[in-house]
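Okay, structure first, notes after.
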């Protein structure tokens, strides 16, 4: 399928977001919410890389959909975290913007692969 997942901008961006979230939640004592958010954030680039390495366009598209679902899940968790004051308004706003951008990138990549299916 060409280049490696490490070359995909959406993979790079989602990895940076996961690292940022780890740093933001470092001192969070709400361990249930923290764990769920970190799992969601790591799931996004993990599904991108797993799908890419499957060497099957239908599989890659399926994993991109899973990654997009994880991005939506995380966005919901960010909204909740803001309301319960786990995240500041400014951090939440920035994360939501990044997640919306990642979702759009995932959808664009998914759509671009339609033309390459056998």
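None of the figures in this text is laboratory data; all of them are computed from the coordinates on show. As the structure is a computational prediction, the values presented were derived from the model and not from experiment. Cβ placement follows ideal geometry from the backbone for every residue including glycine, while neighbour counts extend to all protein chains displayed.
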What does the convex hull of the alpha-carbon atoms of the chain project to on average, in nm²? 6.7 nm²
So how tilted is helix 9-24 from the main axis of the chain? Cα-based, degrees 0 to 90, rounded to 10. 20 degrees
Rounded to the nearest 500, the 222 nm mean residue ellipticity computed for the chain from DSSP H runs (n ≥ 4, each -39500 (n - 2.57)) alone is -27000 deg cm²/dmol
Taking Cα pairs closer than 8 Å and at least 6 residues apart, the relative contact order of the chain in percent is 27 percent
So if we plug the beta-carbon distance of residue 50 and residue 28 into 1/(1 + (r/R0)^6) with R0 = 22 Å, what FRET efficiency do we get, rounded to 0.05? 0.20
For 91, 27, order by how many other beta-carbon atoms lie within 10 Å, fewest first: 27, 91
Compute the FRET efficiency between residue 59 and residue 80 as 1/(1 + (r/R0)^6), taking r as their Cβ-Cβ distance and R0 = 25 Å, and round to the nearest 0.05. 0.20
Using the alpha-carbon atoms, what tilt in degrees (0 to 90, nearest 10) does helix 31-52 show relative to the longest principal axis of the chain? 10 degrees
